1. Do the conditions hold for Val158, that is, is it closer than 20 Å to Asn40 by Cβ and touching a residue at least 24 places away in the same chain (Cβ under 8 Å)?
2. Of the residues Ala115, Ala67, only one is closer than 13 Å to Asn157 by Cα, modelled with pLDDT of 90 or more and surrounded by 14 or more Cβ atoms within 10 Å (Cβ to Cβ); which?
3. For region 122-146, enumerate the residues that are surrounded by 13 or more Cβ atoms within 10 Å (Cβ to Cβ), of a type outside the set (D, E, K, R) and at pLDDT 90 or above.
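The values are calculated or read from the model by the stated rules, or taken from the named source; none is laboratory data. Predicted model, so just to flag it, every value in this text is computed and none were measured. With ideal geometry, Cβ positions are generated from the backbone for all residues, glycine too; neighbour counts draw on all protein chains shown.
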Amino acid sequence: MKKLFTAIIVVVLLSSFNSFAQIKTTINLGLQFPTSDFKNDVNNGYGASLSFDYSIPFSPVSLAFSAGYNRWNFNDNNPYSKGYYYYNLPLMAGIRYFSGGSNIDTYLGGDVGLAISANNIPGSTSSSNFIYSPVLGVRYKFSPIGLVALDVNVRYNVIRASGSTTTWFGVNAGLSFGL
C-alpha cells in the first residue's frame with residue numbers, strides 16, 4: 001500500500017510539473033537591413049520566420065527553434081542588379097530569457113544554426129554556413145493568460161563563411177500563439 005501511495009504521489013507531481021510547460025508558435029514578418037560590406041551589393045530586404053518556444057517550467061527561460069526565409073534584391077552597384085536576388089534560409093536553435101511581465105513581456109536571447117544561402121544568378125550554387133543572431137524583443141499579451149500575443153523583435157544576424165561574413169539587422173513583428 002505504501003508503494004502504491006508513493007507511486008500515485010510521483011505521478012501527480014510529474015503530471016503537474018508538465019502542465020506548467022508551454023509551447024508557443026510565433027509567425028513573424030520583417031524588414032531586413034544589410035550592414036557592412038553586404039549593403040554594398042543588395043538593397044533592403046524582407047523576411048518571414050516560424051518559431052517554436054518551449055518554456056522551461058518554473059523558469060523565465062525558454063528554448064527556441066526557428067526556420068525562416070530572407071530575400072534581398074541586388075542593387076545598382078552589382079552587375080546582376082536587374083531581376084536578380086540573394087536569399088537565405090536560416091535554421092536555428094536558441095535560448096530566450098523573459099522578464100515575466102504580466103501583459104508586456106520583454107526578452108533577450110540568441111540563436112545559432114545553419115543558413116542555406118543562394119541567389120538566382122545563372123550558374124551559381126547554394127552554400128550552407130554557420131549563422132548566429134542575438135535577439136531583443138517584446139511580447140504584448142492580448143489576454144492575461146497570454147494565449148495570443150503580439151511579438152516584436154530586433155536581431156542582428158551574422159553568417160560566417162570561409163573568407164566572408166554576411167550581416168544584416170532585422171526588425172520583425174508577428175503573432176505568438178500558446179498551445
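1. Against the criterion (closer than 20 Å to Asn40 by Cβ and touching a residue at least 24 places away in the same chain (Cβ under 8 Å)), Val158 qualifies.
2. On inspection, the qualifying residue turns out to be Ala115.
3. Listed by number, the residues that qualify are Ser127, Ser128, Asn129, Ile131, Tyr132, Ser133, Pro134, Val135, Leu136, Gly137, Val138, Tyr140.
Here is a yes/no grid of residues against (1) under 17 Å from Asn28 (Cα atoms); (2) small (Gly, Ala, Ser); (3) free of Cβ contacts under 8 Å to residues at least 12 places away in the same chain; (4) outside any loop (DSSP other than H, G, I, E, B):
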{"site": "Leu50", "(1), (2), (3), (4)": "yes, no, no, yes"}
{"site": "Ser62", "(1), (2), (3), (4)": "no, yes, no, yes"}
{"site": "Ala67", "(1), (2), (3), (4)": "yes, yes, no, yes"}
{"site": "Tyr97", "(1), (2), (3), (4)": "no, no, no, yes"}
{"site": "Thr106", "(1), (2), (3), (4)": "yes, no, no, yes"}
{"site": "Gly109", "(1), (2), (3), (4)": "yes, yes, no, yes"}
{"site": "Phe130", "(1), (2), (3), (4)": "no, no, no, yes"}
{"site": "Val135", "(1), (2), (3), (4)": "yes, no, no, yes"}
{"site": "Pro144", "(1), (2), (3), (4)": "no, no, no, no"}
